[in-house]
Amino acid sequence: MNLAIVAETAPAKTLIPVIEKVDADILSLTHSDIAMDLLRPYSNEIFPIGESRGRNSAKRSNLTIGRLVLQDAYRTYKFLKNRNIDLVLTCGNAGDVRKGIMAAKKLNIPKLHMEQDVYNPIEMIAYADVITVPNRDAKKKLRKMYDITNTVNIKGYPQAEYVGRVPLKDPNNIYEHYGTDDFYILFLGGDTRSEDIPNIIHQVEKLDKIIFIVPYRFDVKYVSQFITKPHVYLIEGNVDLISLMNASKGIFYCAGMGVTIEAGALSVPAVKLLGFHTQHASNDLAKNLGIQVVSAYDISEAVNNMRAPRGKLLIKNGIKASGKVAELTRDMKLFETGCGGTSSLRKIWNQRKKYR
């Protein structure tokens, strides 16, 4: 089998346990340098399909965004063409999903998409041949909200399997590097708006605790201007977030499904900050794991009630889920059913308007 993977960082961590269980030649396509590093050991070929738009880039017009998306989709098309790809596998709700499904649709390649956030999916999943969901509730919501019925419940999150066995740095080495073993992490992820950062930092500065801020896609200079207390530090450059989280006393994060799964699988005390996606599947998962979901103004109160998430079952179900997806890649009869199509695309598009 010739399998094409189109994914950015967090989805790559979801897909790795799946492709490990598949006997296939792997073509990986991504716009993320970190995803390139993650997928390279599993790939026969790997190529970039554009650059991240970032969270602090200048605001672009819809026309400019559309042009850039089409350029990247055409790159994806060129890499998929004439490679005898049997299946395109996508995951998540990032732009790479849009590019992958657009290109595969043009080339009539079967498309398997792994969906985890039914409240804000990429509209192009309407043209996926098969869509996996992590639970029965998500299956019902895709049908009710978007008239999408070509779904398979895999009953878990494969990324949890990845987190459960990824090699972790020795916490003692991390403590020696940073000069302390008593610190908390503030992660500013994909659910963070730049205009919310000043208040988030202001609230964590009220805590009598050492805080390490991981800015992720945000510009270091932009974030640093809001730090006013000596016990709050900014971590620059690429960081092994999973190892850092594992060594910490706890995590505050304004991010989505990826970090929620990581916090749960690590069973590290965590608080999820409400971002601009007030309705999000990661909020539901966090609550199910015992992670508090609060506004930035409630951090001071939440920190006193931080508990370790219930992560063991998350990992166990993740292992089973990745196996189910691997089985789906071999059962091509499933790809003969109908997709949601244009009607579903319009419904998803209208839902996504709420978050613009």
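The values are calculated or read from the model by the stated rules, or taken from the named source; none is laboratory data. These figures come from a predicted structure and were not determined experimentally. So basically every Cβ, Gly included, is an ideal-geometry build from the backbone, and we count neighbours across all protein chains shown. Ligands, DNA and RNA are excluded from the accessible area calculation, which covers all protein heavy atoms including side chains. Shrake-Rupley method; radii C 1.70, N 1.55, O 1.52, S 1.80 Å.
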Quick calc: nm separation of the 7 Å Cα→Cβ label points for Asn172 and Glu45 -> 4.7
Computed over the chain: longest principal axis from alpha-carbon atoms vs helix 257-266 long axis, angle to nearest 10 degrees, is 60
Cβ-Cβ cut-off under 12 Å around Lys21, Lys and Arg +1, Asp and Glu -1: the net charge is -1
Among Cys91, Cys254, Cys339, the residue with the largest mean-square fluctuation in a Gaussian network model of the chain built from Cα contacts under 10 Å is Cys339
In the neighbourhood of Lys316 defined by beta carbon distances under 13 Å, the net charge of the other residues (Lys, Arg +1; Asp, Glu -1) is +4
The long-range amide H neighbours of Thr132, using H built 1.01 Å from N in the peptide plane and a cut-off of under 5 Å, are His113, Met114, Glu115, Val152
Checking Gly275, Gly290, Gly258 against a Gaussian network model of the chain (alpha-carbon springs below 10 Å), the top fluctuating residue turns out to be Gly290
Long-range amide H partners of Gly256, meaning residues 5 or more apart or on another chain whose placed amide H is closer than 5 Å, are Gly190, Asp191
Result for segment 267-356: accessible area per residue, probe 1.4 angstrom, in square angstrom, of 54
With a Förster distance of 30 angstrom and the Cβ-Cβ distance between Asn199 and Arg310, calculated FRET efficiency to the nearest 0.05 equals 0.50
Residue-ordered couplings for segment 199-216, obtained by feeding phi - 60° into the Karplus form 6.51 cos²θ - 1.76 cosθ + 1.60 and rounding to whole Hz (Gly and Pro as x), are 5, 4, 5, 4, 6, 6, 5, 6, 6, 8, 8, 6, 10, 9, 8, 9, x, 6
Hits in segment 256-270: amide N under 17 Å from the 7 Å Cα→Cβ extension of Ile34, namely 256-266
Over 28 Å (Cα to Cα) among Lys206/Lys312; Lys81/Lys354; Lys99/Lys353; Lys105/Lys312 -> Lys206/Lys312; Lys81/Lys354; Lys105/Lys312
Cβ-Cβ cut-off under 14 Å around Gly100, Lys and Arg +1, Asp and Glu -1: the net charge is +3
Calc'd 3J(HN,Hα), segment 114-119, phi into Karplus 6.51 cos²θ - 1.76 cosθ + 1.60 (θ = phi - 60°), Hz, glycine/Pro = x, comes to 9, 9, 10, 10, 6, 7
Highest mean packing first, using Cβ neighbours within 10 angstrom, the peptides 239-246, 267-274 sort as 267-274, 239-246
Listed by chain and number, the lysines with an alpha carbon less than 17 angstrom from that of Lys272, same-chain partners under 8 positions apart left out, are Lys249, Lys287
With 0.36 nm assigned to each residue of separation and the Cα-Cα distance removed, Asn84 to Asn108 gains 7.5 nm
Labelled set (1) 44, 35, 19; (2) 57, 25, 15; (3) 34, 21, 20; semi-axes √(5λ) of the Cα gyration tensor in Å computed from this model equals the value at (3)
